[in-house]
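The structure appears right after this line, and notes come after that.
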Amino acid sequence: MADESNFNMQAKPAVFMRLLAEVRGCRICETHLPNPPKPVLRASPTARVLIVGQAPGRRVHESGIPWNDPSGDLLREWLEIGREDFYDERRIAIIPAGLCYPGTGDSGDLPPRPECAPHWHPRLRAQLPEIRLTLLVGSYAQAYYLSGRRKKTLAETVRAREEYLPEFFPLPHPSPRNRLWMKRNAWFEAQVVPQLRRTFRTSLFRV
């Protein structure tokens, strides 16, 4: 008789890979997208940190690499992590609120498709048992994961981060479009970023 624990260790990655294949073949909002669906995510059952952003931009859609743009450069600066370690999916899962590029509107990229997070996030999150910290990057990620626990503004939600830790760490989106927000909220760089780096490192490397 095969060892049951060994069977379970082998089965979990297989189940997860089947789920990823299903996600990458998703077509539920195809008629609303400007391009053929191309879900962009990275994850592994061993990941310790989950990063939830909003939705891929045009550049990420084209490359298929999440956070492969100026927003990603600033996010990695906040986290004090290089590209190689950032894209190590054995430790860091990246699953946006909307998995496909939603297109562009008058004032920038459109919001993530509303069908996406409720359909996929619970199933994906259930297969990530080692997650210690989830970074909620931007208002769409916070709206889905924090729901009624959010404050009236993004700034207030970020200021109230202690209410959501150790499970969630809310952040502004590091888009170049948010430079004015950063300038108006200098406390973020001075107070939040150092705490973010400590919390991120502890979650990633603590035994």
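The values are calculated or read from the model by the stated rules, or taken from the named source; none is laboratory data. All figures in this text were calculated on a predicted structure; none of them were measured in a lab. All Cβ positions, glycine included, derive from the backbone under ideal geometry; neighbour counts span all protein chains shown. Accessible surface is based on the protein model in full, side chains and every heavy atom, while ligands, DNA and RNA are left aside. Shrake-Rupley method; radii C 1.70, N 1.55, O 1.52, S 1.80 Å.
Here are the numbers for the structure shown:
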item	result
Glu77, sole failed condition from (1) within 12 Å of the chain's Cα centre (by Cα); (2) more than 20 Å from Tyr140 (Cα to Cα); (3) not basic (Lys, Arg)	(1)
Members of region 187-206 that are in contact with a Lys or Arg (Cβ under 8 Å, 6 or more places away or on another chain) and more than 13 Å from Val158 (Cβ to Cβ)	Ser203, Leu204, Arg206
Matching residues in region 186-207 - criterion: being hydrophobic (A, V, I, L, M, F, W, C) and in a helix (DSSP H, G or I)	Trp187, Phe188, Ala190, Val192, Val193, Leu196, Phe200, Leu204, Phe205
Hits in region 119-132 (condition: open to solvent by 50 Å² or more (accessible area, probe 1.4 Å) and in a loop (DSSP other than H, G, I, E, B))	Gln127, Pro129, Glu130, Arg132
From Leu75, Leu79, Leu50, residue being within 18 Å of Pro118 (Cα to Cα) and modelled with pLDDT of 95 or more	Leu50
Cross-chain or 6+ apart pairs with Cβ under 7 Å, region 22-44 first and closer than 29 Å to Asp88 by Cα, then assigned to a helix (DSSP H, G or I) and among the charged types (D, E, K, R)	Pro37/Glu30; Pro39/Arg24
Filter result (open to solvent by less than 40 Å² (accessible area, probe 1.4 Å) and among the β-branched types (Val, Ile, Thr)) within region 17-48	Val23, Val40
Qualifying residue in region 148-157 (condition: of a type in the set (Lys, Arg) and in contact (Cβ under 8 Å) with a residue 24 or more places away in the chain)	no
Inter-residue pairs, beta-carbon under 8 Å, first without any contact (Cβ under 8 Å) to a residue 12 or more places away in the chain and in region 90-102, second of a type in the set (S, T, N, Q) and surrounded by 23 or more Cβ atoms within 10 Å (Cβ to Cβ), 6+ apart	none
Candidate set: region 161-189, residues that are in contact with a Ser or Thr (Cβ under 6 Å, 6 or more places away or on another chain) and of a type outside the set (Phe, Trp, Tyr); chosen: the one surrounded by the fewest Cβ atoms within 10 Å (Cβ to Cβ)	Ser175
Filter pass, Ala141 being within 16 Å of Val193 (Cβ to Cβ) and of a type in the set (Gly, Ala, Ser)	no
Residues within region 49-67 that are part of a loop (DSSP other than H, G, I, E, B) and crowded, with 19+ Cβ neighbours inside 10 Å, tallied	7
Counted residues, region 133-160 - those being assigned to a loop (DSSP other than H, G, I, E, B), crowded, with 16+ Cβ neighbours inside 10 Å and touching a helix residue (DSSP H, G or I) at 6+ places or on another chain (Cβ under 6 Å)	1
